[in-house]
Amino acid sequence: QVQLVESGGGLVQAGGSLRLSCAASGSIFSINVMGWYRQAPGKQRELVAAITSGGRIGYADSVKGRFTISRDNSKNTVYLQMNSLKPEDTAVYYCAAWSGNSDYWGQGTQVTVSS
């Protein structure tokens, strides 16, 4: 089992920045990939960014050049640095982890970008 706890959401004006954190605990040795999803009201959940245990990184086209995913293995934490935020980035952001055939999710953190 893996437990994920997100933090760092909030309200920010357009053009501002936020950093989300996701602390993992439990069977963290088994995690292959960690990532961030988001879900805006009335929309499907979408993958924002992901990082593999080998360090490979991928981003959604909508956030490339603005968001950066990183991890601190010593703290078992993954971060999502979000810069140049836009109102369309408003959503609940979820941390996710994949281990074998299992996936784990955090409780979500709200990010609201005002225009």
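Taken together, the values in this text are just the output of simple stated rules run on the coordinates, not laboratory data. Keep in mind it's a predicted model, so treat the numbers as computed, not measured. Positions of Cβ are backbone-derived with ideal geometry, glycine not excepted, and every protein chain shown enters the neighbour counts.
Quick notes on this one:
- Considering only GLN13, GLN81, GLN44, the mean-square fluctuation computed in a Gaussian network model of the chain, springs between alpha carbons under 10 angstrom, is largest for GLN44.
- Applying 1/(1 + (r/R0)^6) with R0 = 25 Å to the Cβ-Cβ distance of THR68 and GLN1 gives a FRET efficiency near 0.30.
- When the chain is treated as a Gaussian network with alpha carbon springs shorter than 10 Å, the biggest mean-square fluctuation among ILE51, ILE28, ILE69 belongs to ILE28.
- Annotation: aspartates and glutamates with alpha-carbon distance below 16 angstrom to LYS64 (same-chain offsets under eight excluded): GLU46, GLU88, ASP89.
- Placing R0 at 30 angstrom, the Cβ-Cβ distance between SER25 and SER84 gives a FRET efficiency of 0.40 after rounding to 0.05.
- Centroid-to-centroid, using Cα positions, the range 40-72 and the range 1-27 are 13 Å apart.
- With both labels modelled 7 Å from their Cα along Cα-to-Cβ, the TRP105 to THR52 distance reads 2.5 nm.
- For the chain, a crude dipole built from +1 on the beta carbon of Lys and Arg and -1 on the beta carbon of Asp and Glu, taken about the Cα centre, is about 140 debye to the nearest 20.
- Derived scalar couplings between HN and Hα for the range 7-17 equal 7, x, x, x, 9, 9, 7, 4, x, x, 10 Hz in order, rounded to whole Hz, by the Karplus curve 6.51 cos²θ - 1.76 cosθ + 1.60 (θ = phi - 60°), x for Gly and Pro.
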